[in-house]
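Visitor: Got a structure for you, written out below as structure tokens; questions coming shortly.
Computed from the coordinates by the stated procedures, all read-outs in this text should not be read as laboratory data. Small disclaimer: the values here were computed from a predicted structure and weren't measured. Methodologically, a virtual Cβ is constructed for each residue, glycine included, from the backbone with ideal geometry; neighbour enumeration extends over all protein chains shown.
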Amino acid sequence: MLEKTYIDNGDKMFEKVKKYINDDEFQMILKENNLYITSFEKLISLEEKEISFLTKTKRIKVSGKNLMTRRILEKELMITGTLEKIEVFDE
């Protein structure tokens, strides 16, 4: 019985990893002064006070002070610094 439970849990974990890898939906997660972005298309500008990027349908502009980026994966980005404003424009 224990062996079957292990297999079931492994299958669920595999499905979660597969879903994460194949997920191409744009998301922004704001936590304190960190903005985590998934599935963006292109980085447009990268300056200390402004960072802009494109999604499939929007242009996002992040304004603040001492802004820096760290690329997590190919289409994932972390913006850190003093975030003051996030603007979303239709493209």
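Visitor: Where the convex hull is taken over the Cα atoms of region 25-90, what is its projected area averaged over directions, in nm²?
Guide: Computing the convex hull of the Cα atoms and averaging its projections yields 3.8 nm².
Visitor: Sort Ile51, Ile44 so that the residue with the fewest other Cβ atoms within 10 Å of its own Cβ comes first and the one with the most comes last. Let's see the in-between values first.
Guide: Values: Ile51 24, Ile44 14.
Least crowded to most crowded, the residues run Ile44, Ile51.
Visitor: Now a separate question. What number, in percent, do you get for the relative contact order of region 25-90 if the mean sequence gap of Cα pairs under 8 Å and at least 6 apart is divided by its residue count? Write down the numbers at each step before the final one.
Guide: Values: 150 pairs, mean separation 19.8, N = 66.
Computed value for region 25-90: 30 percent relative contact order.
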